[in-house]
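What follows is a single structure, written as structure tokens, with notes after it.
The values are calculated or read from the model by the stated rules, or taken from the named source; none is laboratory data. Quick caveat: nothing in here was measured; it's all calculated off a predicted structure. Methodologically, a virtual Cβ is constructed for each residue, glycine included, from the backbone with ideal geometry; neighbour enumeration extends over all protein chains shown. Note: accessible area is taken over every heavy atom of the protein model, side chains too, but ligands, DNA and RNA are not part of it. Shrake-Rupley method; radii C 1.70, N 1.55, O 1.52, S 1.80 Å.
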Amino acid sequence: MARPPAPEVSGERREELLAVGLRLFSDKPYDELLLDDIAGEAGVAKGLIYYYFGSKRGYYVAIVQEAARELRGRLDPDPSAVPAERLRRSLDAYLVYVEEHSAGYRTLLGGGIGSDPEVLAIRDAERDFVGSLILEGLGVALPPRPALRAALEGWLSFVEGVSLDWLVRRDIAREGVRDMLMTALAGALAAARTVDPELDVDPQSVAP
């Protein structure tokens with residue numbers, strides 16, 4: 001009887017398949033990629049993808065989870081730093097991930113089975129995590145007041161849109177993108193205060 005693969009070998013092959021999927025799904029929509037194409041690109045039998053992930057959908061969900069896990073692992077600001085410095089460090093880490101793992105970032109945000117509840121839940125969880133880092137840096141208790149919640153949601157969409165544009169065009173320095181995002185957050189906080197003057201946030205505390 002043949003022995004099952006050693007755990008480390010099995011894990012390595014799974015990681016290789018995730019890496020191939022990150023690259024392929026970032027360039028093509030979910031419906032345009034066949035498992036035969038993915039298996040051919042990875043140099044494995046299609047059955048191995050079923051073995052690890054159960055289905056094409058399971059494979060894609062695992063890829064999105066991996067991209068989200070890797071991005072979250074980069075965001076580890078110093079809690080002792082002032083809000084502007086914490087934001088600067090977090091955005092620097094975020095943009096370095098975007099730049100170095102463009103396939104994973106595009107897979108996390110775009111294309112695919114975006115209407116799938118599990119995929120949407122992964123993306124929403126990462127948005128919530130980034131938003132919680134901002135609120136923590138501002139010293140705001142959860143849940144935030146409605147105007148601040150809406151302002152942060154808008155800012156997070158801005159961050160994603162600017163980051164995707166930057167990946168395609170690469171005509172702005174990373175530091176410039178970071179400062180743009182910081183300035184936009186200060187503006188979003190100021191806008192929230194026009195709606196809710198009782199908000200205890202200082203837009204200038206996150207200005208670059």
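Over the chain, what percent of the accessible surface lies on carbon and sulfur atoms, probe 1.4 Å?
53 percent
Express the accessible area of the chain per residue in Å², computed with a 1.4 Å probe while the remaining protein chains stay in the model.
Per residue, the chain has 52 Å² of solvent-accessible surface.
Pick from G104, G154, G21: which is most flexible by mean-square fluctuation in a GNM of the chain where alpha carbon atoms under 10 Å apart are linked?
G154
Search the structure for amide H atoms under 5 Å from the amide H of L33, placed 1.01 Å from N in the peptide plane, and list their residues when 5 or more places away or on another chain.
Those qualifying (amide H under 5 Å, at least 5 residues apart or on another chain) number zero.
Farthest toward the dipole's positive end in the range 53-208, which of G54, L95, T107, given Cβ charges of +1 (Lys, Arg) and -1 (Asp, Glu) about the Cα centre?
About the Cα centre, the residue reaching furthest to the positive side is G54.
Mind listing P(r) for the range 107-208? All alpha-carbon pairs, 10 Å bins, whole percents.
Pair shares across the bins are 14, 42, 32, 12, 0.
Once you have the Cα-Cα distance between R127 and T194, take 0.36 nm times their residue separation minus that, and quote the gain in nm to one decimal.
21.7 nm
Mind checking which of R72, R170, R178 has the largest fluctuation in a GNM of the chain, springs on alpha carbons under 10 Å?
Most flexible of the set in this elastic network: R170.
Expressed in nm to one decimal, what extension gain is obtained for the pair Y52 and L75 from 0.36 nm per residue of sequence separation less their Cα-Cα distance?
Extra length available between Y52 and L75 comes to 5.4 nm.
222 nm [θ] for the chain, helices only, -39500 (n - 2.57) per DSSP H run of 4+, per residue, to 500?
-24000 deg cm²/dmol
How long are the semi-axes of the equivalent ellipsoid of the range 59-148, defined as square roots of 5 times the Cα gyration tensor eigenvalues? Whole Å, largest first.
Semi-axes from the Cα gyration tensor: 25, 17, 9 Å.
Mind telling me which of E198, E175, E126 comes out most flexible in a GNM of the chain, alpha-carbon contacts under 10 Å?
Greatest mean-square fluctuation among the candidates belongs to E198.
With N set to the residue count of the chain, report its C-alpha Rg divided by 2.2 N^0.38 Å to two decimal places.
That works out to 1.18 for the chain.
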